[in-house]
Amino acid sequence: MRPTRLTPLLAPLALLLLGACGGEGPAPDPPPAAEAPALRLHYLEIVTPEADATCAALEALHGVRFGAPEPALGNARTAPMRGGGRLGVRAPLRADEAPVVRPYLWTDDVAAAVPAAQAAGGALAMDATELPGLGRFALYVQGGIEFGLWGR
């Protein structure tokens, strides 16, 4: 490309723009404080009448493989999530069970977390229940969203 009369003006303009933008793209987020609490998604449950089609689509899109149905998880088929935890897809267990995506957040003490969720305005949907070999879970509804607690 041949230089034009604008070429000498472009270099200072580019430097000005790079300076305004920091020259290296957006600034990275500051690292979290070591002692700052963080949420841990332990299990993400998808309930849908199209469980097999949902698993097939997620396998095709993300290259994961769902396992065989797990009776302890309502016959959910699960796949690992990056960073830990699992994603489970299952069909409704009752005729009146609506499709839902329900996050289960890890807690070290499910029994203590239930009253804390209620004190924060959550409505208990299922009290702490043991899943043999998997831990304990409870369900509550906050702002119309179903949440699970999973832990010990």
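Here, each number is a calculation from the coordinates, and none is a lab measurement. Everything numeric in this text was worked out from a predicted model, so none of it was measured. Note: ideal-geometry Cβ built from the backbone for every residue, glycine included; neighbour counts use all protein chains shown.
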Margin query: Using the basic label-point model (7 angstrom from Cα toward the beta carbon), what is the Ala111 to Ala53 distance in nanometres?
Written below: 4.4 nm
Next item on the list: Provide the percentage of antiparallel DSSP beta bridges, counting only those with both residues in the range 41-151; round to the nearest 5.
Entry: 75 percent
Next item on the list: Please work out the C-alpha center-to-center distance from the range 97-152 to the range 66-92 and express it in whole Å.
Entry: 17 Å
Next item on the list: Largest first and in whole Å, give the semi-axes of the range 41-151's equivalent ellipsoid, each being the square root of 5 times a Cα gyration tensor eigenvalue.
Entry: 25, 15, 13
